[in-house]
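Everything on this sheet refers to the single structure shown next.
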Amino acid sequence: MKSSGSRIAAHVRDIPRSGIRDFFDIVSTMKDVISLGIGEPDFDTPWHIREASIHALERGVTSYTSNMGLLSLRESIARYVARHYGVSYNPATEVLITVGVSEALDLALRAIIEPGDEILYHEPCYVSYAPVVIFAHGKPVAVETRAEDGFRLTRAQLEAKVTPRTKALLLNFPNNPTGATLTPEDVRDIADFAVKHDLLVISDDIYAELTYDGTHTCIASLPGMKERTIFLHGFSKAWAMTGFRMGYACGSPELIEAMMKIHQYTMLCASIISQEAAREALEHPETDVEEMRAEYQRRRNFLHHSFQEMGLPCHQPRGAFYAFPSIAHLGVTSKEFALGLLDKEKVAVVPGTAFGACGEGFVRCAYATSMDELQEAMRRIARFIHTLQPSARARPHTA
Amino acid sequence: MDELLHLLKRNALETPENLAKMLNLSVDEVRRRIANYEKTGIIRGYQAVVNEDQLSLGRVTAVIEVKVTPEREGGFNSVADRISKFPEVESVYLMSGAFDLLLFVSGRDLKEVAFFVSEKLATIRGVISTATHFMLKTYKANGVLMESAEGSERLKVSP
């Protein structure tokens with residue numbers, strides 16, 4: 001009899017274990033670790049949103065919804081996206097509610113990829129992009145962004161990687177793990193590139209509200225781009241609603257219809273309780289998002305200054321809640337740095353290589369952690385770096 | 001409100017060095033602004049938020065609604081000033097609605113507060129009536145929860 005491992009489809013088997021998972025396994029065996037490795041807000045979901053979901057349960061709101069999601073929520077989303085990002089979508093046909101942006105991305109890719117189609121994406125990036133392209137039988141093509149460009153994506157980098165088989169470009173700005181954002185000019189250049197090569201753009205704008213310098217430009221808002229863009233967004237980050245698993249996709253009726261086909265047969269619909277919570281988040285916005293954004297911005301400033309003070313080169317993150325300092329000059333790999341820091345000082349950061357090979361020489365530090373913990377973490381990292389400095393390490397040999 | 005004040009209201013012990021990093025200011029600038037707030041009286045003082053229930057001191061705090069006849073000159077101010085001078089009075093507010101002044105009064109025990117109300121407060125000229133409510137338990141004060149929150153259930157590392 002065949003071993004069960006040999007029955008696993010090759011394209012699934014060949015995907016390596018996530019670097020984050022490996023690291024998680026080590027960290028979870030340790031006590032009293034300050035973790036800067038967490039890619040989700042440390043805030044609880046605002047109380048009025050939690051209270052709205054409790055109220056929904058009390059009313060007995062426990063059924064399926066339309067495959068597309070509650071129409072009232074899609075209407076709220078259409079209004080929100082038009083007001084904040086300047087793109088108008090028809091809630092009846094152009095908005096699909098999904099289980100997090102993760103599902104929306106998977107649907108988008110499965111809806112458009114023919115086997116062998118190439119999908120351009122930029123690295124370092126969120127860990128799932130290349131694997132989900134592969135699951136959809138596409139070919140992920142990485143475009144490496146660089147620290148010296150502030151990890152922005154430039155047209156020249158894209159032109160170097162595009163081929164006749166390229167079907168779509170996958171964008172994520174503000175970016176996890178680098179905190180990079182795009183300027184309006186960058187977005188315009190990328191849109192021109194997409195038009196020139198007749199590409200679709202899948203834009204994961206999950207961190208859009210957490211933009212600290214300048215404003216977020218949604219690529220779908222540019223002339224001629226709405227038709228070729230699948231705009232993905234959700235509630236996890238800005239509203240601190242990760243566990244609700246609430247995302248959505250906006251796009252042309254044809255694309256949304258195709259995505260809905262997969263969604264209806266695989267997921268049916270997103271949780272109605274979460275949909276009620278999401279509606280509350282948009283319809284009674286209070287000041288939640290603004291207050292959290294201001295707090296992240298202060299932490300961002302604190303981290304950036306602290307890294308400068310300890311001599312760790314770090315471009316200023318302009319969005320999301322990650323700093324991506326360089327540790328290359330310390331003569332260790334990202335993984336060695338992260339493991340050493342965990343072992344010596346009990347601070348968890350994620351090796352940059354978890355987000356793509358070009359993340360070597362960097363570590364990701366999430367600042368979705370209280371200021372007290374950040375201050376202690378910075379003290380410990382400074383102490384750890386001191387033991388690594390080439391001069392400090394050379395001393396025993398010269399003595 | 002100035003972001004600096006916002007941060008100090010949340011944690012008065014935050015160091016000027018950390019405040020400077022958070023706000024993109026120089027340490028000198030932070031010190032200068034704090035000194036200025038203190039000088040102009042915008043910052044009136046710094047206090048610890050203490051969970052007195054946990055200390056089991058047996059002290060009591062009462063919230064007292066007071067109806068007052070305003071004076072021809074001075075309105076409510078002169079009565080309020082007079083009441084504010086008693087050391088057992090922690091806070092005094094002028095209110096809209098069914099009564100005029102709201103006081104927070106603390107004492108060693110119920111008897112001491114009762115004595116203050118009947119002998120001192122009620123006898124002040126201009127005070128028409130009082131209604132005293134004793135606090136039984138503090139759940140939240142100055143924006144701080146008195147019960148420690150449960151530990152976070154977030155994963156230690158996540159993408």
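No value in this document is a laboratory result; all are computed from the given coordinates. Remember, it's a predicted structure, so these values are computed and weren't measured experimentally. In this analysis, Cβ positions are derived from the backbone assuming ideal geometry, glycine residues included, and neighbour counts consider all displayed protein chains.
Could you tell me what % of all Cα pairs in region B:98-150 have separations over 15 Å?
Working: 817 of 1378 pairs.
Cα-Cα pairs in region B:98-150 separated by more than 15 Å: 59 percent.
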(request) Can you put B:E65, B:E17 in order of Cβ neighbours within 10 angstrom, beginning with the fewest? (result) B:E17, B:E65
(request) Two decimals is fine: what is log10 I(q)/I(0) at q = 0.06 Å⁻¹ for chain A, from a Debye sum with one equal scatterer on every Cα and no solvent? (result) -0.25
(request) Can you tell me the FRET efficiency between A:A294 and A:S3 if r is taken as the Cβ-Cβ distance and R0 is 51 Å, rounded to the nearest 0.05? (result) 0.40
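Provide the net charge surrounding A:M259, with neighbours chosen by a C-beta distance below 13 Å and charges set as Lys +1, Arg +1, Asp -1, Glu -1. Intermediate values should be presented prior to the final figure.
Working: positive: A:R110, A:K261; negative: A:E94, A:E103, A:D106, A:E254, A:E257.
Value of the local net charge: -3.
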(request) Post the alpha-carbon centroid distance, region B:87-141 to region B:2-77, in whole angstrom. (result) 22
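Over region A:293-399, calculate the relative contact order: mean separation of alpha carbon pairs under 8 Å at least 6 apart, over the residue count, as a percent. Let's see the in-between values first.
On the way: 138 pairs, mean separation 27.2, N = 107.
That works out to 25 percent.
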(request) Once you've got the GNM for chain B with C-alpha springs shorter than 10 Å, pick whichever of B:G143, B:G58, B:G45 has the biggest mean-square fluctuation. (result) B:G45
(request) Return the lysines within reach of A:K335: Cα separation strictly under 22 angstrom, same-chain partners fewer than 8 residues apart disregarded; answer none if there are no such residues. (result) A:K31, A:K344, A:K346, B:K156
(message) Only Cα pairs within less than 10 Å get springs; with that Gaussian network setup on chain A, which residue of A:Y296, A:Y64, A:Y85 has the largest fluctuation?
(response) A:Y64
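If you take the Cα atoms of chain B, find Rg, then find the Kirkwood Rh from the mean of 1/r over all pairs, what is Rg/Rh?
Values: Rg = 20.9 Å, Rh = 19.2 Å.
When Rh is taken as the Kirkwood radius, the ratio is 1.09.
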(message) Straight-line reach from B:K21: which lysines fall under 20 Å, measuring Cα to Cα and dropping same-chain residues less than 8 apart?
(response) B:K9
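Can you give the Rg to Rh ratio of region A:197-293, both from alpha-carbon atoms, with Rh computed by the Kirkwood formula? Working shown, then result.
Numbers: Rg = 14.9 Å, Rh = 15.0 Å.
Answer for region A:197-293: 0.99.
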(request) Evaluate the charge dipole of region B:1-141 about its Cα centre and quote only its size in Debye, nearest 20, assuming +1 on the Cβ of each Lys and Arg and -1 on the Cβ of each Asp and Glu. (result) 60
(message) Bin width 10 Å, origin at 0, all Cα-Cα pairs of region A:47-283: what percent of pairs per bin?
(response) 8, 34, 37, 17, 4, 0
(request) Given the options A:L107, A:L71, A:L200, state which has the largest fluctuation in a GNM of chain A using a 10 Å cut-off (strictly under) for Cα springs. (result) A:L71
(message) Treating region A:131-227 as a set of equal point scatterers at the Cα positions, no solvent, please give the Debye-formula log₁₀ I(q)/I(0) at q = 0.18, 0.21 Å⁻¹.
(response) -0.88, -1.20
(message) Rounding to the nearest 10 and keeping the result within 0 to 90°, find how far the Cα-based axis of helix A:288-309 lies from the longest principal axis of chain A.
(response) 20
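Averaged across B:145-158, how many Cβ atoms of other chains sit within 10 Å of each residue's Cβ atom?
Per residue, the average neighbour count from other chains is 5.
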(request) Fewest Cβ neighbours within 10 Å first, please rank B:L110, B:L25 accordingly. (result) B:L110, B:L25
(message) Taking just the alpha carbons, could you work out the radius of gyration and Dmax for region A:36-112, both in angstroms?
(response) 15.2, 41
(message) Give the lysines whose C-alpha is closer than 24 Å to that of A:K161, dropping any in the same chain fewer than 8 places away, or say none.
(response) A:K139, A:K196, A:K226
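Under the classification rounded if a/c is under 1.5, otherwise prolate if a/b is larger than b/c and oblate if not, where does region B:54-137 fall, given a ≥ b ≥ c as square roots of the Cα gyration tensor eigenvalues? Can you show the working numbers first?
Details: a/c = 2.19, a/b = 1.94, b/c = 1.13.
The shape class here is prolate.
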(request) Would you mind pulling out the separation of the Cα centroids of region A:269-291 and region A:193-226, in Å? (result) 23
(request) Please express the Cα-Cα pair-distance distribution P(r) of region A:25-181 as a list of whole percents, one per 5 Å bin, running from 0 to the bin with the greatest distance. (result) 2, 7, 11, 13, 16, 17, 15, 10, 7, 3, 1, 0
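Only Lys, Arg, Asp and Glu count, each charged at its Cβ (+1, +1, -1, -1), so figure out the dipole size of region B:8-57 about its Cα centre, rounded to 20 debye.
On the way: 8 positive and 7 negative charges, 55 e Å.
Using Cβ point charges on Lys, Arg, Asp and Glu, region B:8-57 gives about 260 debye.
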(request) For each of B:E29, A:E94, A:E345, count neighbouring Cβ atoms within 10 Å of the residue's Cβ, then give the residues from fewest to most. (result) B:E29, A:E345, A:E94
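At a temperature of 20 °C and a viscosity of 1.002 mPa s, determine how fast region A:327-387 diffuses translationally according to Stokes-Einstein, using the Kirkwood radius over alpha-carbon pairs as Rh; express D in µm²/s, rounded to the nearest whole number. Kindly include the intermediate steps, with their values, before the conclusion.
On the way: Rh = 11.8 Å.
Once the numbers are plugged in, D ends up at 182 µm²/s.
Per-residue ellipticity at 222 nm for the protein assembly as shown, helices alone: DSSP H runs ≥ 4 residues times -39500 (n - 2.57), over residue total, nearest 500 deg cm²/dmol?
Working: 20 runs with 213 residues, N = 558.
After summing the helix terms and dividing by residue count, I get -11500 deg cm²/dmol.
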